[in-house]
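To keep things clear, I will list the structure first and then write my remarks on it.
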Amino acid sequence: MPIPDYQSLMLPVLKAVSGGAEMSLSDVRDHVAVLEGLTRDDLRELFPTSRKPVFMKRMRWAVTELSRAGLVERVRRGVYRLTKEGERLLAQEPPRIDLEILRNYSAYTEWWAGKRSPTAGSDDELAMSEDTSVTPEETLDRAAKELRDELEAELLERVLKAKPVFLERVVIDLLLAMGYGGGDPSMGQVTGRPGDGGIDGTIREDALGLDEVYLQAKKYAAGNTVGESDLRNFAGAIDAVGATKGVFVTTASFTRTAKAYVEKISKRIVLIDGKELARLMVEHDIGVRQKMQYKVKRIDEDYFELEDL
């Protein structure tokens, strides 16, 4: 089931820490997961960019917002309990707790007032009035994913517009960047030419060339596919040189029968379609470079443990 947004988790969090007991975040997580009927798979769901657990991030943010309003308090590292204000709110049996409710508490409005810069003006007032369902970290994660999706699409388009031999060079550069051949440029070469038997390049995995990976690259426009016959020909070309490993890359996609074919043959052939090619190029900095970087910092709980010494 869909994981609730952080505002929808505020009431379950408050209920989880009710009863006067001190609770660790992991215990709160388990209680809220039961209250919301979340499965183990739900708890394993990750944000696409940061690769952090969605549920835990949203629950932590719910705890943070409740703390700012004075409804829960941090006892020590990772341990929280309900406050008197929190008890009074739960006694009213509210159907939901969200930012609109929190804005009724002076502790929360004072926190917002301190957060606003002297020159911010109406923009911050507007931000406080918005009932957003996502945390700031989620906003950054979504923005990063959108930018990456756009970059991958543009990157694949540029590869499609280039000459076919350029794709062969891209594949060699990519595999070297991924660690094949020890990252040594001399270990990879483009060999594609008329009559090449379906082999466009090779990567030597060791200095003596005892083990080689053979490559084929097919530049097809979107909507086209690489079929089983293409894979059979490539497997035959690999067999002709006595090799057992191959990588077949296309800017388009593979048919279902092509994928099934490489699963049942003895040779190890890895398939990389256009979407995966663009993703790997971005991940390994092939054809792209960093424009800017944002650092997101958090409290160092270990540092503040010193306050008790």
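The values are calculated or read from the model by the stated rules, or taken from the named source; none is laboratory data. Computed from a predicted structure; not experimentally measured. All Cβ positions, glycine included, derive from the backbone under ideal geometry; neighbour counts span all protein chains shown. Just the protein is used for accessible areas: all its heavy atoms, side chains included, with ligands, DNA and RNA removed. Shrake-Rupley method; radii C 1.70, N 1.55, O 1.52, S 1.80 Å.
Structure above, values below:
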| quantity | calculated |
| --- | --- |
| In degrees, nearest ten, helix 106-115 long axis to first principal axis of the chain (Cα) | 50 |
| Simple label model, 7 Å out from Cα along Cβ direction - GLN92 to ASN233, nm | 7.3 |
| Gain in span if fully extended, ASP30 to THR244, counting 0.36 nm per residue against the direct Cα distance | 72.2 nm |
| Descending principal axes extents, region 76-117, alpha-carbon based, whole Å | 35, 28, 15 |
| 23 Å Cα-Cα reach of LYS264 towards lysines, excluding residues that sit fewer than 8 places from it in its own chain | LYS218, LYS245 |
| Spin-label pair GLU22/LYS84, simplified geometry with 7 Å Cα→Cβ offset, distance in nm | 2.0 |
| Accessible area in square angstrom per residue, the chain, 1.4 angstrom probe | 60 |
| Cross-link reach list, lysines versus LYS52, counting only Cα pairs under 30 Å and skipping chain neighbours closer than eight places | LYS15, LYS115, LYS145, LYS275, LYS291, LYS295, LYS297 |
| Segment LYS145-ARG268, extension gain: residue separation times 0.36 nm, minus the distance between their alpha carbons | 41.1 nm |
| ³J(HN,Hα), Karplus 6.51/-1.76/1.60, whole Hz, each residue of region 48-53, x for Gly, Pro | x, 9, 7, 6, 9, x |
| Average Cα contact separation per residue, the chain, under 8 Å, 6 or more apart, as relative contact order % | 12 |
| Computed lengthening from GLU110 to ASP184, 0.36 nm per intervening residue step minus Cα-Cα distance | 20.8 nm |
| Shape category assigned to region 1-105 from the gyration tensor of Cα positions, a/c cut at 1.5 | prolate |
| CD proxy at 222 nm, helix term only [per DSSP H run n ≥ 4: -39500 (n - 2.57); per residue of the chain; nearest 500] | -14000 deg cm²/dmol |
| DSSP-defined beta bridges in the chain - what % are antiparallel, rounded to 5 | 55 |
